[in-house]
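Please treat every number below as a calculation from the coordinates, not as lab data. Note that the coordinates shown come from a computational prediction; the quantities given were computed from them, not determined experimentally. In this analysis, Cβ positions are derived from the backbone assuming ideal geometry, glycine residues included, and neighbour counts consider all displayed protein chains.
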Amino acid sequence: MEFIVKGKFKKGDSFKKFTKKISAKSKNFAIEKAFSLLGSNYKCKRSLIKIESVEEVK
């Protein structure tokens, strides 16, 4: 299944919006993958990432 994860993360003094299309088994795995990708790409801690919505792509 594929999911679209939307949210924002803190970069410097402001929050930046993001949208990621993630392939995962479930909604929870998609959220974990989003945390992992943003953490590795932007050096952002989980506490600074806010997930706003997770939608399944049909």
Quiz item: Under 8 Å by Cβ, and 6 or more places apart or on different chains, what pairs join a residue from the stretch 34-47 that is touching a residue at least 12 places away in the same chain (Cβ under 8 Å) with one that is in a helix (DSSP H, G or I) and loosely packed, with under 14 Cβ neighbours inside 10 Å?
Solution: PHE35/ARG46
Exercise. Residues being closer than 15 Å to LEU38 by Cβ and in contact with a strand residue (DSSP E or B) (Cβ under 6 Å, 6 or more places away or on another chain): count how many of those fall in the stretch 1-15.
Key: 8
